[in-house]
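For reference, the structure is listed below as structure tokens.
The values are calculated or read from the model by the stated rules, or taken from the named source; none is laboratory data. Computed from a prediction, not measured in an experiment: that's the story for all the values here. Here the Cβ positions follow ideal geometry from the backbone for every residue, glycine too, while neighbour counts run over all protein chains shown.
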């Protein structure tokens, strides 16, 4: 079935090329992610009840709308799971709802972060117009996820895990690199080098012709930072037939850092929809967290 999984990935990119304007069509000059993170400013609403929250966040590219939803566990001391969605995931909590289904209860406070530009497909188009907008989107999602995680831990939660699928998995690794405040990191269908996805896979067909490869590499390749980190709390899952996050390449990035990889026989899109397999991997990681508590 390799042909099927790879074919779905190729068809998805072909359709995106027809329906969306070129990525980074208005430029790739941007400050590094660290500067975007430092510029993010917001006021976090009280987390006294479950529900959805929307807020305006200040960023280097101006005010951006972002949000999150919270499902609180019965016990205040339950651990926290912060989840980041994939690029162009509409609605933003589709995979979150698929993985964390009520009929498969998990004893944890569950947080789904909505990155900027993810209320609709139309809103996503300006989010991909420049590398600066894209990095601002990442920075806001990261800062918001960390703020909610820290607030729930301060309120009594014991332990925390950050996870995400595709772009969300990349954000999970960035959280590990910039803060490392969680007890476990579970990147799903993602690795530390997003530049490779845009420049060396079929995703390169979506880039604007004038997009600067050197700019993209300097801002989205975090392999060296990952190698220099302490990745013992990183538990990745990759898909063997993934045409987007190339399996051989991203698995080699993890192998260079001595990080074991869990593998499923899926492609990128079919893997992102394999909610049972993703849930099982996350539950195993949570069990490690509970055992260490």
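Summary table
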| item | result |
| --- | --- |
| When residues of region 30-45 are limited to those that are in contact (Cβ under 8 Å) with a residue 12 or more places away in the chain and assigned to a loop (DSSP other than H, G, I, E, B), the one surrounded by the fewest Cβ atoms within 10 Å (Cβ to Cβ) | 43 |
| Criterion: in a loop (DSSP other than H, G, I, E, B), out of contact with any strand residue (DSSP E or B) (no Cβ under 6 Å at 6 or more places or on another chain) and over 30 Å from residue 21 (Cα atoms) - qualifying residue of 191, 258 | 258 |
| Residue among 141, 184, 155, 163 that alone is modelled with pLDDT of 95 or more and either more than 14 Å from the chain's Cα centre (by Cα) or closer than 22 Å to residue 14 by Cβ (or both) | 184 |
| Counted residues, region 228-266 - those being over 19 Å from the mean Cα position of the chain (by Cα) and closer than 25 Å to residue 35 by Cβ | 2 |
| Condition met for residue 173 (farther than 28 Å from residue 7 by Cα and either at pLDDT below 95 or surrounded by 18 or more Cβ atoms within 10 Å (Cβ to Cβ) (or both)) | no |
| Whichever residue in region 63-83 is under 22 Å from the mean Cα position of the chain (by Cα) and in a loop (DSSP other than H, G, I, E, B) and, among such residues, is nearest to residue 288 (Cα to Cα) | 79 |
| Yes/no for residue 135 being surrounded by fewer than 24 Cβ atoms within 10 Å (Cβ to Cβ), closer than 22 Å to residue 38 by Cβ and modelled with pLDDT of 95 or more | yes |
| Residues located in region 264-279, provided they are out of contact with any strand residue (DSSP E or B) (no Cβ under 8 Å at 6 or more places or on another chain) and either within 14 Å of residue 164 (Cα to Cα) or touching a residue at least 12 places away in the same chain (Cβ under 8 Å) (or both) | 269, 273, 275, 279 |
| Residue match in region 223-230 (condition: in contact with a strand residue (DSSP E or B) (Cβ under 8 Å, 6 or more places away or on another chain), within 25 Å of residue 88 (Cβ to Cβ), in contact (Cβ under 8 Å) with a residue 60 or more places away in the chain and in a helix (DSSP H, G or I)) | no |
| Which listed residue, of 249, 241, is in contact with a helix residue (DSSP H, G or I) (Cβ under 7 Å, 6 or more places away or on another chain), more than 15 Å from residue 86 (Cα to Cα) and in a loop (DSSP other than H, G, I, E, B) | 241 |
| Residues being in contact (Cβ under 8 Å) with a residue 60 or more places away in the chain and either out of contact with any helix residue (DSSP H, G or I) (no Cβ under 9 Å at 6 or more places or on another chain) or at positive phi (or both) - total across region 8-29 | 3 |
| Candidate set: region 197-222, residues that are part of a helix (DSSP H, G or I), more than 16 Å from the chain's Cα centre (by Cα) and free of Cβ contacts under 8 Å to residues at least 60 places away in the same chain; chosen: the one surrounded by the fewest Cβ atoms within 10 Å (Cβ to Cβ) | 214 |
